[in-house]
Amino acid sequence: MITVNDISVQFGGTTLFSEVSFAINENDKIALMGKNGAGKSTLLKIIAGANKPSTGSISAPKEAVIAYLPQHLLTKDDATVFEETSKAFSGIFKMKAEIDELNEQLTIRTDYESDEYMKLIERVSELSEKYYSIEEVNYEAEVEKVLKGLGFEREDFTRPTSEFSGGWRMRIELAKILLQNPDLILLDEPTNHMDIESIQWLEDFLINSAKAVMVISHDRAFVDNITNRTIEVTMGRIYDYKAKYSHYLELRKDRRIHQQKAYDEQQKFIAENQAFIERFRGTFSKTEQVQSRVRMLEKLELVEVDEVDTSALRLKFPPSPRSGQYPIVVTDMSKSYGDHVVFKDANMVVERGQKVALVGKNGEGKSTMIKAIMKEIQPDSGKVEIGHNAQIGYFAQNQASLLDENLTVFETIDTIAVGDIRTQIKNLLGAFMFSGDDTTKKVKVLSGGEKTRLAMIKLLLEPVNVLILDEPTNHLDMKTKDIIKDALKDFDGTLILVSHDRDFLDGLAEKVFEFGHKRVKEHFEDITGFLAHKKMESLREIEK
């Protein structure tokens, strides 16, 4: 059992949280929840030992192994994928080497009666007991199994890690963590750079093979599938629920209703007493009563209501101008980079008003297809036809870099908002986590995630009839994702969505284009049907 004992964290005069305590038991699968900036990542780093709290401590058994996957990695590039992943077993290999060296010394030395000789015997016994208690493992087979589960092909194993993007390196680090069989795995947004198949593999691993897990994730389906407990960080406190995420949401709603009731009653009580104090402040016969009430109000512990719920905010897209019947038609398109064939003879027809998802492993051509539709790259053969009056709004991960750096957050939205939404700009910005002074910040000082969110709001307000969104949810919390999803459901234009977030796609996409094995395959079903279908398909493949 690992315990968090009364930890507090202060940053430059601000208290992030104070006197937080809880225990992590074996087989606990915990979702760490709270809005952006509440201190979730900080708490994870403290448990991992990467950060120190201002006060309080973390206690764990001496032998406990805590493994931590941060959101951003700094990895060295001096090995192949297989070599780097095998470093997970370096502690065991070192132990074996030390046992061999000690045994060698014991055979050479003749000072059998000395204290040093006895110490060598004790050390070799202690190490041997530990080493031989570890189950016999075929390390190479284990490394291969985990790498393949996380989406690597066998030919990737011998490639240097420097050839891979940040998302793939994240998977190498994750593979090393999973292979160590730690007592507690701490994961900060592990699914951000994963495709659906790898996420399903990771879920299965965490449910069936891992011990205790604590995870921060905005992927609701992932969190709901793997967790059995939810810890919410809010306003410097924590609330601990023995419930998975979807059940926790109901419990939290009840908590806020009770808080609001207690808050309203207390405010009424304070107002009545303040009115009494004001009325009789100078009255001699009431002096004692007035002072008594002043003292009582000074000592009163104020009821706080947790962060304001923005669920009342409904985003509405401007009505979209009518496009032709087929806004996007792709015919016999092929694209290669050098010897690497991305896809061959791909065909895609998207009808007016359809909402479609592009899914498949990373690197199978989803973003390449979108770049070809947007005329950012030329296909090797085949063509893309953009239909009559198709007005495309496009969101990619680099969208943030196209914002005007010299405008403020508020000005960026104010310049394009029209109609009713103009009266709601502050609420809209608040829903995307820009509140108070944030709205007057210049775009140039925003973080990457903040710029991404601002670019998303900007896109949502432009009158377009074809929306193309490439991984739009990576920097959004669940509340904001819900707001966008509801708006996209009501959007009366055509939607093409690249995402690995099943919960976001569920109920949104009515047709799926699957990218893989150099082909694009059309599935006339929603994401739930597609996933069920895929599982059956892979089972049949195993049986073959």
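Does Val143 satisfy the criteria of being open to solvent by less than 60 Å² (accessible area, probe 1.4 Å), within 16 Å of Ser86 (Cα to Cα), in contact (Cβ under 8 Å) with a residue 12 or more places away in the chain and part of a helix (DSSP H, G or I)?
yes
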Just checking, does the stretch 192-204 include any residue being free of Cβ contacts under 8 Å to residues at least 24 places away in the same chain, open to solvent by 10 Å² or more (accessible area, probe 1.4 Å) and over 21 Å from the mean Cα position of the chain (by Cα)?
no
Which of the residues belonging to the stretch 487-506 are at pLDDT 90 or above and of a type in the set (Gly, Ala, Ser)?
Gly493
Restricting to the stretch 430-464, what's the tally of residues that are over 29 Å from Ala390 (Cβ atoms), surrounded by fewer than 19 Cβ atoms within 10 Å (Cβ to Cβ) and in contact (Cβ under 8 Å) with a residue 24 or more places away in the chain?
9
Among the listed residues Val512, Val498, which satisfies the condition of being open to solvent by less than 10 Å² (accessible area, probe 1.4 Å) and within 18 Å of the chain's Cα centre (by Cα)?
Val498
Residue in the stretch 157-192 that is modelled with the lowest pLDDT, counting only those that are part of a loop (DSSP other than H, G, I, E, B) and within 22 Å of Thr42 (Cβ to Cβ):
Asn192
Restricting attention to the stretch 198-228, report how many residues are more than 18 Å from Ala175 (Cβ to Cβ) and part of a strand (DSSP E or B).
3
Could you list, in sequence order, the residues of the stretch 1-16 that are crowded, with 18+ Cβ neighbours inside 10 Å, under 20 Å from Asp28 (Cα atoms) and free of Cβ contacts under 8 Å to residues at least 60 places away in the same chain?
Val4
Can you tell me which of (1) within 30 Å of Leu495 (Cβ to Cβ); (2) open to solvent by 40 Å² or more (accessible area, probe 1.4 Å); (3) under 26 Å from the mean Cα position of the chain (by Cα) is the one Ile226 doesn't meet?
(2)
Qualifying residue in the stretch 420-433 (condition: under 25 Å from Ser499 (Cβ atoms), out of contact with any helix residue (DSSP H, G or I) (no Cβ under 8 Å at 6 or more places or on another chain) and in a helix (DSSP H, G or I))
yes
Run down Ile134, Ile121 and say which single residue is aliphatic (A, V, I, L, M), open to solvent by 20 Å² or more (accessible area, probe 1.4 Å) and either in contact with a Gly (Cβ under 7 Å, 6 or more places away or on another chain) or farther than 29 Å from Tyr68 by Cβ (or both).
Ile121
Of the residues that sit in the stretch 66-94 and are within 23 Å of the chain's Cα centre (by Cα) and surrounded by fewer than 18 Cβ atoms within 10 Å (Cβ to Cβ), which one is modelled with the lowest pLDDT?
Leu74
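Got a number for residues in the stretch 22-57 being part of a strand (DSSP E or B) and open to solvent by 60 Å² or more (accessible area, probe 1.4 Å)?
First, pick out the residues of the stretch 22-57 that are part of a strand (DSSP E or B): 22-24, 29-33, 55-57.
Filter once more, keeping what is open to solvent by 60 Å² or more (accessible area, probe 1.4 Å): 55.
Counting residues in the stretch 22-57 that are part of a strand (DSSP E or B) and open to solvent by 60 Å² or more (accessible area, probe 1.4 Å) gives 1.
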Tell me, which residue of the stretch 322-348 that is within 32 Å of the chain's Cα centre (by Cα), surrounded by fewer than 20 Cβ atoms within 10 Å (Cβ to Cβ) and not polar (S, T, N, Q) is modelled with the highest pLDDT?
Met348
If a residue has to be crowded, with 21+ Cβ neighbours inside 10 Å and either among the polar types (S, T, N, Q) or outside any strand (DSSP E or B) (or both) to count, how many in the stretch 465-483 make the cut?
6
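When you look at Ser209, is it on the phi < 0 side of the Ramachandran plot, surrounded by 14 or more Cβ atoms within 10 Å (Cβ to Cβ) and among the hydroxyl-bearing types (Ser, Thr, Tyr), yes or no?
Numbers: on the phi < 0 side of the Ramachandran plot: yes; surrounded by 14 or more Cβ atoms within 10 Å (Cβ to Cβ): no; among the hydroxyl-bearing types (Ser, Thr, Tyr): yes.
Considered against the rule, which asks whether it is on the phi < 0 side of the Ramachandran plot, surrounded by 14 or more Cβ atoms within 10 Å (Cβ to Cβ) and among the hydroxyl-bearing types (Ser, Thr, Tyr), Ser209 comes out as no.
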Picking from Asn427, Asn362, Asn406, Asn398, which residue would you name as being under 27 Å from His475 (Cα atoms), open to solvent by 30 Å² or more (accessible area, probe 1.4 Å) and touching a His at 6+ places or on another chain (Cβ under 8 Å)?
Asn362
Just to be sure before I move on: is Tyr245 on the phi < 0 side of the Ramachandran plot, free of Cβ contacts under 8 Å to residues at least 24 places away in the same chain, open to solvent by less than 60 Å² (accessible area, probe 1.4 Å) and not basic (Lys, Arg) in the structure I sent?
no
All-but-one check, Phe515 against (1) assigned to a helix (DSSP H, G or I); (2) farther than 22 Å from Ile216 by Cα; (3) touching a Phe, Trp or Tyr at 6+ places or on another chain (Cβ under 9 Å), failing number (1)
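The values are calculated or read from the model by the stated rules, or taken from the named source; none is laboratory data. Just so we're clear, the structure is a prediction, and the values are computed from it rather than from any experiment. Glycine gets a Cβ as well: all are built from the backbone with ideal geometry, and neighbour counts include every protein chain shown. Accessible surface is based on the protein model in full, side chains and every heavy atom, while ligands, DNA and RNA are left aside. Shrake-Rupley method; radii C 1.70, N 1.55, O 1.52, S 1.80 Å.
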